[in-house]
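Here the structure comes first, spelled out in structure tokens, and everything after it is commentary.
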Amino acid sequence: MEVDSNFIGATTLYEPPLETPVKADIIAIHGLNGHPCASWLSKTKDPVMWLHDFLPQDFPDCRVISYGYKANFFQDKDHDRHKLVTQAEILRAKLIQVRNRQVCTEKRPIIFIAHYGGLVLGR
């Protein structure tokens with residue numbers, strides 16, 4: 001898998017086969033100054049992205065989604081706080097949009113994986 005320079009918004013990294021009922025949505029959110037792909041990529045000779053390469057092996061009946069946002073904060077504290085709240089609102093809207101398109105998602109659990117403090121998720 002190559003690191004995409006954009007990867008902004010909700011990107012489905014793994015979807016179970018059609019005949020498999022999806023039991024949960026696993027949503028990974030990178031941290032501040034992170035990248036939606038590179039934050040989860042190993043720093044080995046042959047890099048692997050564990051969200052894409054390993055997580056589906058352990059949870060084959062779960063959908064894996066990466067949520068990316070522009071994470072270059074730390075410029076102006078008031079402006080950064082506003083950007084963090086805005087990103088949290090966008091994440092919430094995207095989750096509603098993605099889950100409303102699916103059948104029976106109202107009872108499907110969401111498992112969040114948040115990198116570097118999960119500040120967007122916490123908002």
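All of the numbers you see were taken from the coordinates with simple rules; none came from a lab. Note that the coordinates shown come from a computational prediction; the quantities given were computed from them, not determined experimentally.
Observations on the model:
- Residues in segment 9-16 carry Karplus couplings, in order, of x, 8, 10, 6, 8, 8, 10, x Hz; the curve used is 6.51 cos²θ - 1.76 cosθ + 1.60 with θ = phi - 60°, and Gly or Pro positions show x.
- The stretch between Thr44 and Thr12 holds 9.1 nm of extra length on full extension. This uses 0.36 nm per residue minus the Cα-Cα distance.
- Taking amide H atoms as placed 1.01 Å from N in the peptide plane, the amide H of Ile26 lies under 5 Å from those of Arg63, Val64, Ile65, Ile111, each 5 or more residues away in sequence or on another chain.
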